[in-house]
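Asker: Provided herewith is a single structure, encoded as structure tokens, for subsequent inquiry.
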Amino acid sequence: MSGLQDLYREIILDHYRAPRNRGELPVPPAHLVEGFNPLCGDEVVLYLEVEDGVVTDVKTAGQGCSISQASTSMMSAAVKGKPVDDARALIRAFKALMSIHESKLEGAEETDLSADLEGVRLGDLEALQGVVKFPVRIKCATLAWNVLQQGLDETAAESEA
Amino acid sequence: MMSATTSTLDVARIQADFPILARTVNGKRLVYLDSASSAQKPEAVLAAMDRIYRESYANVHRGVYTIAEEATAAFEAARTKVARFIGATDSREIVFTRNATEAINLVAYSWARANLREGDVIVLSHLEHHANVVPWHILRQERGVEIRWIPITADQRLDLDGLDDLLDGAKLLAITAMSNVTGTIVDVAGLAARARAAGAHVLVDGCQAVPQMPVDVHAWDADFVAFSSHKLLGPAGIGALWARAELLEAMPPFMGGGEMIRDVTTEGFLPNDIPWKFEAGTPAIAEAVGMGAAVDYLQAIGMDTVRAHERALTQYALDALADRFGDRLTVYGPAGADDRGGVISFLFDEIHAHDVSQVVDEEGVCVRAGHHCAKPLMRQLGVPATTRASFGVYNDRADADALVEALAKAEAFFAI
């Protein structure tokens, strides 16, 4: 079961069984953002509190497979209390870990994924790297991060308005 | 009516006919339990398709040379085989399509647009596959037809208590003969009689039923029956619509192009005779021949025997799952195999369907996880996804046992 052990690392199962930061925050001041994976029904709900460029609090809800829910839990723990810029760097680094090439245009230079990973400490998140060997599950792992990105974009737009 | 209680199928011999079953996955014997999604193909089907390409391939209904005649004869012979297989007496009533989805869309775009107008009622059920839901949603957006839903009981049978009210004023009942999620077998003949009494036409989604049990479209008293080849041991890329000849005669063409015309001028066109009126463009020739070979293969076994096999194996698997997992595993659908085909959807209390599917794959067991293209039904079940095992003629008790063992590993793996 070596392939499976790579996918379902103990730390992932731990986050799945005991998810961090579950709950709700009052909206507003918190921002509510949701994401779905239409193929398998994974659902990630994020309550995001951003103050003065810092993610001051995060709560999560939703349901889905172990990979999507563990990734959500790990993401919430990783960005809580961090500056928004650091959270965005983590999003880029996590997607690089998942071998996702962002905005790669035809004819453009091959994006150097290592640049996105450099200087970013992924810590526990590296346990999710085994997902790359199971391509159909990558979208389970990235769902929470796409939802976070959307939430950060929306709160940035709100504060500008 | 038949000696259906005992299966006389020699599964070991059947398995030898399916080359793919000889391979391994993750070092384990391949245990293919996803035939409700798409079935594996016997050597006879592969050989028939190979033969037409190697020996008799040309376009059909066009050339007068020898191999064109041979290709046309093989293509039309396949149509006759498919017609007989479902009890049709007139091969002109079989229209080849890309798949069952296209067959249902053909009815929605041609018959329904010519015959239904704003406020007309279409009756569906909560068991339907998206292929028998979305074409009617599209029609509703375009024409303002009303869609009514036959509800389901706690064990996912149709709840027919309010059927007369639902059918009151209906123009079409569009219903599956067997659920692709719960395996529920629907009493099509009974429903069709009530629909007809209410003045409605009847369309049957036969995708799951046609490969698993004897089907007679006249015994059903249906107007339209859609089914695919790829669930019927045949190739993907071809399916069929059976419809009453007088309906096909009256229906406008679906797609325009070559083959479907009698004459074309700068002013307009005259459509071809049925069924070719609905077969625009070069068809899937080798696939049709493959579908004919698949039908031959199943008929040699006998559909009564196929149904008896499916029933016995499904009951065995239901019992094995209940014995091993008890209340920890929710199994959807009717309790016994008498009213269900070879499809079992299930869910562990604590483990997501996708995680289960991933772990059992490690054991070489192929099961489907997801909403099975039946989201209205999943909403009724109150779950986003289930894991589904489904059986074909090539599955046996060892496969059901392998499923149970693999599920036990999944349960242990995710144990809290």
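The values are calculated or read from the model by the stated rules, or taken from the named source; none is laboratory data. The shown structure was predicted, so the numbers you read here are calculated from the model rather than taken from an experiment. All Cβ positions, glycine included, derive from the backbone under ideal geometry; neighbour counts span all protein chains shown. Surface accessibility is based on the protein's heavy atoms, side chains included, excluding ligands, DNA and RNA. Shrake-Rupley method; radii C 1.70, N 1.55, O 1.52, S 1.80 Å.
Asker: Name every residue in the stretch B:100-125 that is open to solvent by less than 40 Å² (accessible area, probe 1.4 Å) and closer than 21 Å to B:Ala374 by Cβ, in order of residue number.
Answerer: Scanning the stretch B:100-125 gives B:Ala100, B:Glu102, B:Ala103, B:Ile104, B:Asn105, B:Val107, B:Ala108, B:Ile122, B:Val123, B:Leu124, B:Ser125.
Asker: Name the pairs: first residue in the stretch B:8-32 and within 14 Å of chain A (Cβ to nearest Cβ) and assigned to a loop (DSSP other than H, G, I, E, B), second residue among the charged types (D, E, K, R) and open to solvent by less than 70 Å² (accessible area, probe 1.4 Å), Cβ to Cβ under 7 Å, at least 6 apart or on different chains?
Answerer: Listed pairs, sorted by first residue: B:Asn26/B:Glu362.
Asker: A further question on this structure: Can you name the strands (runs of 3 or more DSSP E) wholly within the stretch B:162-238 that have at least 3 residues being of a type in the set (A, V, I, L, M)? Break it down into steps so the answer makes sense when it comes.
Answerer: Values: elements: B:170-176, B:201-205, B:224-228.
Per the criteria, B:170-176, B:201-205.
Asker: On to the next question. Name the residue, out of B:Thr330, B:Thr314, that is crowded, with 21+ Cβ neighbours inside 10 Å and among the β-branched types (Val, Ile, Thr). Spell out the reasoning first.
Answerer: Working: B:Thr330 fails: crowded, with 21+ Cβ neighbours inside 10 Å.
Residue meeting the stated conditions: B:Thr314.
Asker: Output the residues belonging to the stretch A:38-93 that are in contact with a helix residue (DSSP H, G or I) (Cβ under 7 Å, 6 or more places away or on another chain) and charged (D, E, K, R).
Answerer: A:Asp42, A:Arg88, A:Arg92
Asker: Based on this model, can you work out whether B:Asp339 counts as closer than 27 Å to B:Asp187 by Cα, surrounded by fewer than 23 Cβ atoms within 10 Å (Cβ to Cβ) and either within 19 Å of the chain's Cα centre (by Cα) or more than 14 Å from every other protein chain (Cβ to nearest Cβ) (or both)?
Answerer: On the way: closer than 27 Å to B:Asp187 by Cα: yes; surrounded by fewer than 23 Cβ atoms within 10 Å (Cβ to Cβ): yes; either within 19 Å of the chain's Cα centre (by Cα) or more than 14 Å from every other protein chain (Cβ to nearest Cβ) (or both): yes.
Taking the combined requirement at face value, the residue satisfies it.
Asker: Still on this structure, please answer the following. Just one of B:Ala88, B:Ala77, B:Ala108 is in a loop (DSSP other than H, G, I, E, B), on the phi < 0 side of the Ramachandran plot and modelled with pLDDT of 95 or more; which is it?
Answerer: Every option except B:Ala88 fails the conditions.
Asker: While we're here: Select from the stretch A:24-46 the residues that are away from chain B (no Cβ under 14 Å) and more than 17 Å from the chain's Cα centre (by Cα) and write down the one among them that is surrounded by the most Cβ atoms within 10 Å (Cβ to Cβ).
Answerer: A:Ala30
Asker: Say we look at the stretch A:53-63 and pick out the residues that are at pLDDT 90 or above and not β-branched (Val, Ile, Thr); which of these is nearest to B:Gly370 (Cα to Cα)? Please lay out each step first, then the result.
Answerer: Initial filter on the stretch A:53-63 (at pLDDT 90 or above): A:53-62.
Checking the rest, the ones that are also not β-branched (Val, Ile, Thr) come to A:53, A:57, A:59, A:61-62.
Working: A:Gly53: 39, A:Asp57: 33, A:Lys59: 27, A:Ala61: 20, A:Gly62: 17 Å.
Taking the candidates together, the pick is A:Gly62.
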